[in-house]
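A short write-up of the structure that comes next.
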């Protein structure tokens, strides 16, 4: 349609993106490449990866005349897909407008007006697979019906564990304990999760089932496989798919040529976050690429091995680090390797420490893409180059107190300090700054430890409240422990099953459920004794009494079928947070979602019956407890964080490092050791592993029977690699200020009768050979 | 003095103060997307209910309307595919052998998304069972309300509609400028709007048999007749509504008009589309009215509110009917006429509809911004009390202003 120079001009002048070779040679090379040039883009943090992808796509359309429907771009999450799509639509439209306003391009105007960017195929691989399989299915074949993740959890619980009582089977528990490396936390939902992970890996690693059966004989393993087999058979019998089987079906149909109508028009394939791909997905991408290449197009993959965080979800980073070899072998092409090494996000100091961090462990370097250059600080020079800061205290309460004070000052008068003869003040923008400019990253944002002790997130929240500052930490407490859930579920249980009459008849109730039920019920009783508003026209106590005795109010007869959801909504009348607060509403959604969506295997459809047949009535209560309240009580259900988009931005974000991937904040606080008072072996996996841990155990268990074969690197090396990547992601999130926090013992060590001790910790600059490259963290400025 | 000043200047240089503040966190750029039916029409029914049910995705306890709307769409689409792919060209289709399998397939798909049929609306059993479940007895399957309507819809309109369909379940998507856009305040400078329609093409219409009812109704429509004189090829878009025909001038009547006009605009954005002449809405519930529906119809007829009045025997049976007795059989032709609504696509009404939806999106975005500013949900979204809506609303017990007041019942 237009020349590359014209396109470049418009992008530079109107979209304000400096993509000329003299300004940004790497981006220029990536975007201007001919449409037949496949590329391998290794994109460091803050390098403008999304910009590059969007501008490549628009260049294909505007310069190379590729039809939008011939372009396919995948992302890792739905949110990323929305961002990509939004950017394409917005910039695509802006470029179109510039051309439409220019009489020089009058002959293009009809084509320009007909351009529909919505035809570009964007999404996660799962959503694209589902769409393509639906649109291009055989005549008469039903469209794929894909179950959500938590329906899959419920199914595995029911079919894989409860049927046949496997959740009490010692062999199975022993086997899963071996995989996990510990018995700690191995409750029933965790068993279901582990089984689902095994199931996923069987698909993702393209494991040879028969070989697996021949090679493994642990009775627990055979039981695990049996559970997986029953689960997958149930899906097949009911023509259902989960995400793994959906992708497998997509690959199968691609190989068999059943999607030719789709592949004949496919020309450009772009894959984001390629470092988190697995073998099944690689095969899909290579199949798509084969067709794209035949149609005169190309495959571009984008990612960063240093930011690969999803081994625990079946990702295989080697597919990225060895990409060039693999694609040459399979497709006989040599992709152009481009390092997007310019970092536009962070200050020079932050870029330097990121480079230092990922280079300090010599045994990590072979795990990285060969020849990878350090990232370069390219942010515009109008910023203060703050030093990296450290805040370490003797104990957790003091740490939380001082950190809160720091945060409070940053958000108000500013926090001042001196360093190397210069005075610095860290202050949020007085006009537009907000608490949302700050984030606290940690490997786990849970407020309580497994033994119930408060952790930094909880203490921070409490201390910040003294300054009227709120935090946003949706994963801070497990759903079942959140007070909103506890109160609501307690009231529900007291209404439907007073005095535990039905609950006590349920055999083999998981102990965690029993415990939580007791806590919930107590909370409920305490609450209605407080006589909360509204008291008129009906008080909570009267409402509960009526339910407990099934005595109708305002009607002549008790309804024979009452949906549990209806009871739940009525109870919300007396719990104001649940109707008015965004975060609380998300807990309500999780509870009601569980009620409505476990209907896939409910006989009573989530309703409480009231007929003359008391046995039937009790059966409906029993089913509600077992299918709805047990999963809620045992941590099987998670909140949908996507529903938190309207949360006020006046809160400080506390999140896991995984959650922070892809995000950036002006000021980032990274917890490098608030949990580590001493060199406890039980904590080693979080800072200086001795073994591989569950993800590596799973890999080793199953990959021997897969085309991937045994991994090159030892389990311990892989665990170290993953920790380095995790903290590299954390350290590369801030724009302006990076603050490391923890206990003094992490910085200075501690004393024992046997002498001084240090705490080896990847996050504070230890390499796996036991060398501390940042001794006493003297390389940062302590406040 | 000069030395002292210079000294102070040196000190100042030594401890230079950098007054710049931290950057401000930029929000991700996302163009919010709105479904015509799922978002915009729901918001118009009641903003507060929309906030809880659509944005917070709180499932309804008795999702009669939601379930049935999805069910009838799914059944009609699947029935069309089987008509096309299995060549089931002869009507009427037998319920047990042809229609029931379609229903079960749609039910299964909906259950996997968490949409379970309300009791007494649909029999979920595939065959005889000892368990009556929520049905009258254990001699399954039962043709309950949803199945009665599904059968009527397929056998009434299937023979006339299916041969005219050129493309089924066409997904429509477009973007528009964000109304009342404010830099740094609005979430985005655009919004996306989506919908799904079936498309009938002029080619199919010309090839249709002379006794095709849809063709007959179209040719009775003066606007349609005027338009086809000027065009060689054109399209008609079709959608289904699991409800009764609304009263002209009512909010639903107007909203459905806007919906069809907007669908036509979205369709015009697709490169392979032809000019859309009219939109057809099928009000499925008109094909089989139960007692409550007939009471409503009688009221509309008495008050001359409806645009499709009965005459002759239909009028007499309706006027003479008492609600305690069994419902009268209205003529098929009257039911057919009530169940089809033809909406001409005109530039003026199209632009008016787009402006109307722009305004709705503007309102929704303002509500969202209010919430993000910390106003709380109930202060950000105003309820729209209307008796029929509030009676069926799950959130009436904690709404600040439900129609009909708050008379709690247990359960």
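The values are calculated or read from the model by the stated rules, or taken from the named source; none is laboratory data. Note that the structure is predicted; figures quoted are calculated from it, not measured. Cβ coordinates were reconstructed from backbone atoms using ideal geometry, including for glycine residues, and neighbour counts include every protein chain displayed.
Give A:770, A:692, A:755 a once-over and let me know the one that is within 30 Å of residue A:206 (Cα to Cα) and either surrounded by fewer than 16 Cβ atoms within 10 Å (Cβ to Cβ) or touching a helix residue (DSSP H, G or I) at 6+ places or on another chain (Cβ under 7 Å) (or both). Break it down stepwise before answering.
Numbers: A:770 fails: within 30 Å of residue A:206 (Cα to Cα); A:755 fails: within 30 Å of residue A:206 (Cα to Cα).
Among A:770, A:692, A:755, only A:692 is within 30 Å of residue A:206 (Cα to Cα) and either surrounded by fewer than 16 Cβ atoms within 10 Å (Cβ to Cβ) or touching a helix residue (DSSP H, G or I) at 6+ places or on another chain (Cβ under 7 Å) (or both).
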Screening A:108, A:112 for residues that are within 14 Å of chain B (Cβ to nearest Cβ), at pLDDT below 95 and part of a helix (DSSP H, G or I) leaves only A:112
Taking the stretch A:660-692 as the region of interest, how many residues are closer than 22 Å to residue A:400 by Cα and in contact (Cβ under 8 Å) with a residue 12 or more places away in the chain?
18
Among residues belonging to the stretch A:444-489 that are within 14 Å of chain B (Cβ to nearest Cβ) and not in a loop (DSSP other than H, G, I, E, B), point out the one that is modelled with the highest pLDDT.
A:488
Looking only at the stretch A:430-443, decide whether some residue is part of a loop (DSSP other than H, G, I, E, B), more than 8 Å from chain B (Cβ to nearest Cβ), surrounded by 15 or more Cβ atoms within 10 Å (Cβ to Cβ) and under 31 Å from the mean Cα position of the chain (by Cα).
yes
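How many residues does the stretch A:7-17 contain that are without any contact (Cβ under 8 Å) to a residue 40 or more places away in the chain and either closer than 19 Å to residue A:337 by Cα or surrounded by 14 or more Cβ atoms within 10 Å (Cβ to Cβ) (or both)? Lay out the reasoning, then the answer.
Of all residues in the stretch A:7-17, those without any contact (Cβ under 8 Å) to a residue 40 or more places away in the chain come to A:8-9, A:12-13, A:16-17.
Then drop every residue that is not either closer than 19 Å to residue A:337 by Cα or surrounded by 14 or more Cβ atoms within 10 Å (Cβ to Cβ) (or both), which leaves A:8-9, A:12, A:17.
Adding up the residues that qualify gives 4.
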Leading residue by the ranking (nearest to residue B:231 (Cα to Cα)) among those in the stretch B:188-209 that are more than 9 Å from chain A (Cβ to nearest Cβ) and not in a strand (DSSP E or B):
B:202
May I ask you to verify whether residue B:293 is modelled with pLDDT under 95 and loosely packed, with under 14 Cβ neighbours inside 10 Å?
no
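Okay, residues lined up against (1) closer than 30 Å to residue A:536 by Cβ; (2) within 14 Å of chain A (Cβ to nearest Cβ); (3) at pLDDT below 90; (4) buried (at least 17 other Cβ atoms within 10 Å of the Cβ):
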{"site": "B:302", "(1), (2), (3), (4)": "no, no, no, no"}
{"site": "B:318", "(1), (2), (3), (4)": "no, no, no, yes"}
{"site": "B:325", "(1), (2), (3), (4)": "no, no, yes, no"}
{"site": "B:329", "(1), (2), (3), (4)": "no, no, yes, no"}
{"site": "B:361", "(1), (2), (3), (4)": "no, no, no, yes"}
{"site": "B:368", "(1), (2), (3), (4)": "no, yes, no, yes"}
{"site": "B:392", "(1), (2), (3), (4)": "yes, yes, yes, no"}
{"site": "B:398", "(1), (2), (3), (4)": "yes, yes, yes, yes"}
{"site": "B:403", "(1), (2), (3), (4)": "yes, no, yes, yes"}
Within the stretch A:201-316, which helices (runs of 4 or more DSSP H) (wholly inside it) include 2 or more residues that are within 27 Å of residue A:48 (Cα to Cα)?
A:279-294
Could you list, in sequence order, all residues of the stretch B:381-395 that are closer than 16 Å to residue A:566 by Cα and outside any helix (DSSP H, G or I)?
B:392, B:393, B:394, B:395
Within the stretch A:378-386, identify whether any single residue is surrounded by 15 or more Cβ atoms within 10 Å (Cβ to Cβ), more than 27 Å from the chain's Cα centre (by Cα) and either part of a helix (DSSP H, G or I) or more than 14 Å from chain B (Cβ to nearest Cβ) (or both), and answer yes or no.
yes
Scan the stretch A:347-366 and give yes if some residue there is over 20 Å from residue A:746 (Cα atoms) and not in a helix (DSSP H, G or I), otherwise no.
yes
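Kindly indicate the residue of the stretch A:743-766 that is in a loop (DSSP other than H, G, I, E, B) and closer than 15 Å to residue A:672 by Cβ and also nearest to the chain's Cα centre (by Cα) among those meeting that condition.
It comes out as A:761.
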Those residues of the stretch B:60-116 that are at pLDDT 90 or above, closer than 24 Å to residue A:135 by Cα and outside any helix (DSSP H, G or I) come to a total of 0
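Filter the stretch A:526-551 down to residues that are at the interface with chain B (Cβ under 7 Å from one of its Cβ atoms) and more than 29 Å from residue B:115 (Cβ to Cβ) and give me whichever is surrounded by the fewest Cβ atoms within 10 Å (Cβ to Cβ).
So the first thing to find is which residues in the stretch A:526-551 are at the interface with chain B (Cβ under 7 Å from one of its Cβ atoms), and the list is A:537-538, A:543, A:546-547.
Remaining after also requiring more than 29 Å from residue B:115 (Cβ to Cβ): A:537-538, A:546.
On the way: A:537: 12, A:538: 21, A:546: 20.
My answer is A:537.
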Could you tell me whether the stretch A:79-91 includes any residue that is surrounded by fewer than 24 Cβ atoms within 10 Å (Cβ to Cβ), more than 14 Å from every other protein chain (Cβ to nearest Cβ) and closer than 23 Å to residue A:284 by Cα?
no
Does residue A:163 meet the test of being surrounded by fewer than 17 Cβ atoms within 10 Å (Cβ to Cβ), touching a residue at least 12 places away in the same chain (Cβ under 8 Å) and within 11 Å of another protein chain (Cβ to nearest Cβ)?
no
Name the residues in the stretch A:552-580 that are surrounded by fewer than 18 Cβ atoms within 10 Å (Cβ to Cβ), more than 7 Å from chain B (Cβ to nearest Cβ) and part of a loop (DSSP other than H, G, I, E, B), would you?
A:556, A:557, A:560
Taking the stretch B:250-272, which residues are without any contact (Cβ under 8 Å) to a residue 40 or more places away in the chain and in a loop (DSSP other than H, G, I, E, B)?
B:250, B:271, B:272
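Do you know which of the residues in the stretch A:115-147 that are in a strand (DSSP E or B) and within 9 Å of chain B (Cβ to nearest Cβ) is surrounded by the fewest Cβ atoms within 10 Å (Cβ to Cβ)? Lay out the reasoning, then the answer.
As a first pass, look at the stretch A:115-147 and keep what is in a strand (DSSP E or B): A:121-124, A:145-146.
Of the ones still in play, those that are also within 9 Å of chain B (Cβ to nearest Cβ) are A:145-146.
Values: A:145: 20, A:146: 22.
Selected residue: A:145.
Identify the residue in the stretch A:246-259 that is more than 13 Å from every other protein chain (Cβ to nearest Cβ) and under 27 Å from the mean Cα position of the chain (by Cα) and, among all such residues, is farthest from residue A:155 (Cα to Cα). If you could, list the steps in order and put the result at the bottom.
Of the stretch A:246-259, the ones more than 13 Å from every other protein chain (Cβ to nearest Cβ) are A:247-259.
Among the residues that remain, those that are also under 27 Å from the mean Cα position of the chain (by Cα) are: A:247-251.
Values: A:247: 19, A:248: 19, A:249: 20, A:250: 22, A:251: 24 Å.
The extreme case among them is A:251.
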Of the conditions (1) within 17 Å of the chain's Cα centre (by Cα); (2) away from chain A (no Cβ under 12 Å); (3) surrounded by fewer than 24 Cβ atoms within 10 Å (Cβ to Cβ), residue B:89 fails just one. Which one is it?
(1)
Of the conditions (1) touching a residue at least 24 places away in the same chain (Cβ under 8 Å); (2) touching a strand residue (DSSP E or B) at 6+ places or on another chain (Cβ under 9 Å), residue A:371 clears all except one; give me its number.
(1)
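Only one of B:25, B:51 is outside any loop (DSSP other than H, G, I, E, B) and either touching a helix residue (DSSP H, G or I) at 6+ places or on another chain (Cβ under 8 Å) or modelled with pLDDT of 90 or more (or both); which?
Working: B:25 fails: outside any loop (DSSP other than H, G, I, E, B).
It is B:51.
For the stretch B:179-206, how many residues are within 20 Å of residue B:277 (Cβ to Cβ) and without any contact (Cβ under 8 Å) to a residue 24 or more places away in the chain? Spell out the reasoning first.
Within the stretch B:179-206, the subset within 20 Å of residue B:277 (Cβ to Cβ) is B:195-206.
If we keep only those that are without any contact (Cβ under 8 Å) to a residue 24 or more places away in the chain too, we end up with B:206.
Final tally of qualifying residues: 1.
If you scan the stretch B:137-171, which residues turn out to be outside any helix (DSSP H, G or I) and in contact with a strand residue (DSSP E or B) (Cβ under 9 Å, 6 or more places away or on another chain)?
Restricting attention to the stretch B:137-171, the residues satisfying the condition of being outside any helix (DSSP H, G or I) are B:137-144, B:165-171.
Within the stretch B:137-171, B:165, B:166, B:167, B:168, B:169, B:170, B:171 meet the criteria.
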